[in-house]
Amino acid sequence: MKKLIINGDDFGYSRGVNFGIIDAYQCGMLTSATILSNMPGACHAYDLASIHPGLGVGVHLNLTLG
(Lines give C-alpha, C1' and ligand atoms only; values in the text may rest on other atoms or scores of the structure.)
Protein backbone atom coordinates (compact mmCIF):
# COMPACT_ATOMS: atom_id res chain seq x y z
CA MET A 1 0.00 0.00 0.00
CA LYS A 2 1.36 3.42 -0.95
CA LYS A 3 0.80 6.49 1.17
CA LEU A 4 1.07 10.13 0.27
CA ILE A 5 2.06 12.58 2.99
CA ILE A 6 1.28 16.23 2.34
CA ASN A 7 3.02 18.52 4.81
CA GLY A 8 2.26 22.19 5.50
CA ASP A 9 5.65 23.90 5.43
CA ASP A 10 6.48 27.21 7.20
CA PHE A 11 3.89 26.91 10.00
CA GLY A 12 4.62 29.94 12.19
CA TYR A 13 5.81 32.20 9.38
CA SER A 14 2.75 34.45 9.70
CA ARG A 15 -0.88 34.35 10.84
CA GLY A 16 -2.00 34.02 7.20
CA VAL A 17 0.23 30.99 6.58
CA ASN A 18 -0.93 29.49 9.88
CA PHE A 19 -4.60 29.85 9.00
CA GLY A 20 -3.95 28.40 5.53
CA ILE A 21 -2.31 25.32 7.05
CA ILE A 22 -5.16 24.88 9.55
CA ASP A 23 -7.76 25.27 6.78
CA ALA A 24 -5.98 22.61 4.70
CA TYR A 25 -5.81 20.31 7.74
CA GLN A 26 -9.52 20.77 8.50
CA CYS A 27 -10.39 20.00 4.86
CA GLY A 28 -8.37 16.79 5.03
CA MET A 29 -5.71 17.95 2.58
CA LEU A 30 -2.77 17.56 4.97
CA THR A 31 -1.99 15.83 8.25
CA SER A 32 1.28 17.43 9.29
CA ALA A 33 3.11 20.73 9.41
CA THR A 34 6.62 21.91 10.19
CA ILE A 35 7.01 24.95 12.41
CA LEU A 36 9.42 27.84 12.05
CA SER A 37 9.87 28.55 15.74
CA ASN A 38 11.84 31.78 15.30
CA MET A 39 9.28 33.62 13.16
CA PRO A 40 6.66 36.20 14.20
CA GLY A 41 3.71 33.81 13.87
CA ALA A 42 5.22 31.00 15.94
CA CYS A 43 3.22 31.64 19.13
CA HIS A 44 0.04 31.75 17.07
CA ALA A 45 1.02 28.46 15.43
CA TYR A 46 1.60 26.85 18.86
CA ASP A 47 -1.87 27.95 19.96
CA LEU A 48 -3.47 26.57 16.80
CA ALA A 49 -1.58 23.28 17.10
CA SER A 50 -2.73 22.85 20.70
CA ILE A 51 -6.41 23.03 19.70
CA HIS A 52 -5.84 20.69 16.72
CA PRO A 53 -4.12 17.71 18.38
CA GLY A 54 -4.48 15.50 15.29
CA LEU A 55 -2.15 17.76 13.33
CA GLY A 56 1.37 16.36 13.45
CA VAL A 57 3.88 19.14 14.03
CA GLY A 58 7.60 18.83 13.38
CA VAL A 59 10.50 21.26 13.30
CA HIS A 60 11.47 23.27 10.26
CA LEU A 61 15.16 23.97 10.81
CA ASN A 62 15.89 27.52 9.81
CA LEU A 63 19.42 28.90 9.86
CA THR A 64 19.14 32.09 7.79
CA LEU A 65 15.78 33.79 8.39
CA GLY A 66 14.34 35.45 11.50
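The values are calculated or read from the model by the stated rules, or taken from the named source; none is laboratory data. Only a predicted model underlies this, so the values are computations on that prediction, with no experimental measurement involved. Quick reminder, even Gly has a Cβ in these numbers, built from the backbone with ideal geometry, and neighbours come from all protein chains shown. To get the accessible areas, we keep the full protein, side chains included, count just its heavy atoms, and leave off ligands, DNA and RNA. Shrake-Rupley method; radii C 1.70, N 1.55, O 1.52, S 1.80 Å.
Could you give the angle, 0 to 90 degrees to the nearest 10, between helix 15-26's Cα long axis and the longest principal axis of the Cα atoms of the chain?
Helix 15-26 sits roughly 10 degrees off the main axis of the chain.
Using a probe radius of 1.4 Å on heavy atoms only, what accessible surface per residue do you get for the chain? Whole Å² is fine.
Values: 4430 Å² over 66 residues.
On a per-residue basis, 67 Å².
Cα gyration tensor of region 1-40, axes a ≥ b ≥ c as square roots of the eigenvalues: rounded (a/c below 1.5), prolate (a/b > b/c) or oblate?
Values: a/c = 4.49, a/b = 1.78, b/c = 2.52.
In terms of gyration-tensor shape, oblate.
Roughly speaking, to the nearest percent, how much of the chain's 1.4 Å accessible area is carbon and sulfur? Each step should come with its number before you reach the end.
Numbers: 2730 of 4430 Å².
The C+S portion of the solvent-accessible surface of the chain is 62 percent.
Accessible surface of residue 32 in the full protein assembly, 1.4 angstrom probe, to the nearest 10 Å²?
About 30 Å², ignoring ligands and nucleic acids.
At 7 Å along Cα-to-Cβ for each site, give me the label-to-label distance between residue 1 and residue 14 in nm.
Between residue 1 and residue 14, the label points sit 3.9 nm apart.
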